[in-house]
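A.B. asks: To start, I am sharing the structure in question, which I have written as structure tokens.
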Amino acid sequence: MKDLCIRESYKDKQGNEQVSWNKIGILIEGKNGKQYIKLYHIPNVLINIFEQKKKEEIQQEDMSF
């Protein structure tokens, strides 16, 4: 499991730039090796992650119907 975070820069009271990491979700790897993303602001939704298809595969799918 890995944390999904966004970086936020701000200035402290002395004017020094600081960084804060806000956790927005997690990346989960299932027992089958597949990866999923759970975002905290979208409840009850698990996002599936797929390998990007090659251009040739996409063209073949477009012509299959």
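A.B. asks: Can you tell me the dipole magnitude for the chain around its Cα centre, using point charges on the Cβ only (Lys, Arg +1; Asp, Glu -1), in Debye to the nearest 20?
C.D. replies: Dipole of the chain, to the nearest 20 debye: 280 debye.
A.B. asks: While we're looking at this one, here's another question. Please list, ordered by chain and number, the residues whose modelled amide H lies under 5 Å from the amide H of L4; skip anything fewer than 5 residues away on the same chain.
C.D. replies: I24, G25, I26, L27
A.B. asks: Moving to a separate point now. Radius of gyration and Dmax for the chain's Cα atoms, expressed in Å?
C.D. replies: 19.0, 64
A.B. asks: If you don't mind, there's one more thing I want to ask. Assuming 0.36 nm per residue, please report the length gained on full extension of the stretch D12 to I49 beyond their Cα-Cα distance.
C.D. replies: 9.5 nm
A.B. asks: In the chain, once you exclude exposed trypsin sites (Lys or Arg not before Pro) (DSSP loop, at most 12 other Cβ within 10 angstrom), what's the longest stretch remaining?
C.D. replies: By the stated rule (loop sites, at most 12 other Cβ atoms within 10 Å), 35-52.
Every number in this text was worked out from the coordinates using simple rules, so none of it is lab data. Worth saying up front: this structure is predicted, and the values here are computed from it rather than measured. For neighbour counting, all protein chains shown are included, and Cβ atoms are generated from backbone atoms with ideal geometry for every residue, glycine included.
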